[in-house]
Amino acid sequence: MQIAVLPGDGIGPEITAATTGVLRVASEHFQLNLRLEEHPIGHASLKQFGTTVQPGLLDVVRAADGLILGPTATFDFKDEARGEINPSRYFRKSLDLFANVRPARTYPGRPGRLGEFDLVVVRENTEGFYADRNMEQGNGEMLVTPDVVISLRRITRLCCERIAHAACRLAMKRRKHLTIVHKANVLKIGDGMFLDICREAASTYPGLAVDDILVDAMMAHVVRNPERFDVVVATNMFGDILSDLTAELSGSLGLGGSLNVGDRHAMAQAAHGSAPDIAGQDIANPVSLILSTALLLAWHGERSGAVRYEEAASAIEAAVATAIAEGRATRDVGGKLGTIAAGAAIAEILQAK
Ligand code: ATP
Ligand code: MG
């Protein structure tokens with residue numbers, strides 16, 4: 001399996017280094033023949049090539065079997081890199097990675113903020129409020145006068161259908177329970193369509209239980225009873241906000257892994273950002289990106305029919321759980337290890353299996 005590795009900004013290089021360490025052990029242990037090919041992205045690329053995404057990188061990524069994207073610093077795009085490409089948005093769009101799958105769970109020996117749970121947020125990744133955002137006078141946001149901005153939200157039948165089916169398929173592999181999160185009482189047409197299409201899709205999966213919750217009420221429910229949720233499907237921005245909450249409820253934002261998936265490509269990406277406040281200090285939790293790459297391996301295994309990739313993914317997840325239970329983890333989850341040492345602990349547990 002050929003994987004393009006793009007380390008990114010902020011804590012990106014540190015958590016990526018910890019992740020590739022785990023992948024090298026997994027590759028040997030499970031005979032995955034992983035070929036990791038690293039390329040600069042974001043500010044490292046800007047320095048070297050004068051652009052955040054160098055020409056030709058998309059072809060390299062397309063030719064690979066998977067992509068790991070470290071967090072990139074969106075904030076800085078406002079100043080020195082103004083007008084530059086946002087790598088995350090660029091790859092999601094160019095590769096049509098329409099589903100953002102963000103699991104969140106608690107770990108034995110390290111309870112979450114409020115009780116135990118195991119859920120997955122499936123977030124629509126290509127439209128909604130984030131379609132063509134940050135483009136002045138573009139499709140998403142318009143400067144009407146210097147003092148008035150109108151932000152549009154695009155919801156399409158096709159995107160609702162494909163995200164609905166992606167969520168249903170995942171729910172069928174889990175506890176067969178889908179929750180649709182929306183605001184159809186106010187956003188009657190857009191979220192009304194999203195809700196109808198999700199319900200319609202779900203009705204075609206035998207045995208799948210379906211309910212729906214208004215996004216504001218969901219904030220209370222997920223804090224009060226997170227254990228009642230299995231797979232939660234939401235439009236882009238609601239899913240983005242909800243999944244930060246579920247990651248933090250699981251113990252730390254640094255546990256939040258995610259996979260961006262389309263019909264042909266997938267990109268592992270931590271659910272959080274570049275965390276500039278802790279960058280370069282060897283304290284960031286690498287688990288987010290390690291779990292993201294486990295999702296990537298499982299995806300590749302399922303597609304290619306090579307079971308050992310799925311076995312490797314499960315083993316990595318189990319090694320993460322063991323490391324957390326033993327306190328061999330970073331500070332944010334109660335341990336004392338640095339980023340690299342936390343990654344090495346997971347690699348060591350994996351090797352000993
Ligand atoms: P960006 O604009 O790139 O999203 P941000 O300033 O919003 O950057 P986030 O990366 O979204 O920062 O992180 C939000 C908070 O969570 C920060 O305080 C950060 O330190 C913390 N955090 C994020 N990722 C991790 C991690 N992997 N380990 C530990 N703490 C993290
Ligand atoms: Mg952020």
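So that you can scan it fast, the table gives a plain yes or no per residue for (1) over 21 Å from Val60 (Cα atoms); (2) in the same structural domain as Arg35 (by the TED database); (3) surrounded by fewer than 21 Cβ atoms within 10 Å (Cβ to Cβ); (4) under 15 Å from the mean Cα position of the chain (by Cα):
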site	(1), (2), (3), (4)
Gly239	yes, no, no, yes
Leu242	yes, no, no, yes
Leu245	yes, no, yes, yes
Ala271	yes, yes, no, yes
Asp282	yes, yes, yes, no
Val287	yes, yes, no, yes
Ser292	no, yes, no, yes
Ala306	yes, yes, yes, no
Tyr309	yes, yes, no, no
(message) Consider segment 166-203. How many of its residues are within 16 Å of Val121 (Cβ to Cβ) and part of a helix (DSSP H, G or I)?
(response) 9
(message) Against the condition within 16 Å of ligand 2 (Cβ to nearest atom), part of a helix (DSSP H, G or I) and in the same structural domain as Gly10 (by the TED database), how does Ser314 come out, does it pass?
(response) no
(message) Being away from ligand 1 (no atom under 12 Å from the Cβ), farther than 30 Å from Leu95 by Cα and either in contact with a His (Cβ under 7 Å, 6 or more places away or on another chain) or assigned to a helix (DSSP H, G or I) (or both) is true for just one of Leu350, Leu295. Which residue is that?
(response) Leu350
(request) Report yes if Gly10 is crowded, with 18+ Cβ neighbours inside 10 Å and under 16 Å from Ala294 (Cβ atoms), otherwise no. (result) no
(message) I need a count of the residues in segment 259-273 that are under 10 Å from Gly70 (Cα atoms), part of a loop (DSSP other than H, G, I, E, B) and at pLDDT 95 or above.
(response) 2
(message) Here are the criteria: (1) surrounded by 23 or more Cβ atoms within 10 Å (Cβ to Cβ); (2) of a type outside the set (Phe, Trp, Tyr); (3) on the phi < 0 side of the Ramachandran plot. Tell me which single one Pro40 does not satisfy.
(response) (1)
(request) Would you check which residues across segment 270-287 are in contact with a Lys or Arg (Cβ under 9 Å, 6 or more places away or on another chain) and either within 13 Å of ligand 2 (Cβ to nearest atom) or polar (S, T, N, Q) (or both) and list them? (result) Ala271, Asn285
(message) Step by step: first the residues of segment 221-237, then only those that are more than 16 Å from ligand 2 (Cβ to nearest atom) and assigned to a helix (DSSP H, G or I), then the one that is surrounded by the fewest Cβ atoms within 10 Å (Cβ to Cβ). Which residue is that?
(response) Arg224
(request) Please find, among Leu95, Leu67, Leu23, the residue that is hydrophobic (A, V, I, L, M, F, W, C), within 28 Å of Thr246 (Cβ to Cβ) and in contact with a Phe, Trp or Tyr (Cβ under 7 Å, 6 or more places away or on another chain). (result) Leu67
(request) Check off (1) over 26 Å from Arg92 (Cβ atoms); (2) assigned to a strand (DSSP E or B) for Pro206 and give me the number that stays unchecked. (result) (2)
(message) Quick check on Arg62: is it among the basic types (Lys, Arg) and under 19 Å from Leu289 (Cβ atoms)?
(response) no
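Evaluate the following for Gly254: is it within 15 Å of ligand 2 (Cβ to nearest atom), surrounded by 18 or more Cβ atoms within 10 Å (Cβ to Cβ) and more than 11 Å from the chain's Cα centre (by Cα)?
Spelling it out, Gly254 is indeed within 15 Å of ligand 2 (Cβ to nearest atom), surrounded by 18 or more Cβ atoms within 10 Å (Cβ to Cβ) and more than 11 Å from the chain's Cα centre (by Cα).
The values are calculated or read from the model by the stated rules, or taken from the named source; none is laboratory data. Fair warning: this is a prediction, and the values are worked out from it, not measured in the lab. Please note: Cβ atoms are built from the backbone with ideal geometry, for glycine as well, and neighbour counts cover all protein chains shown.
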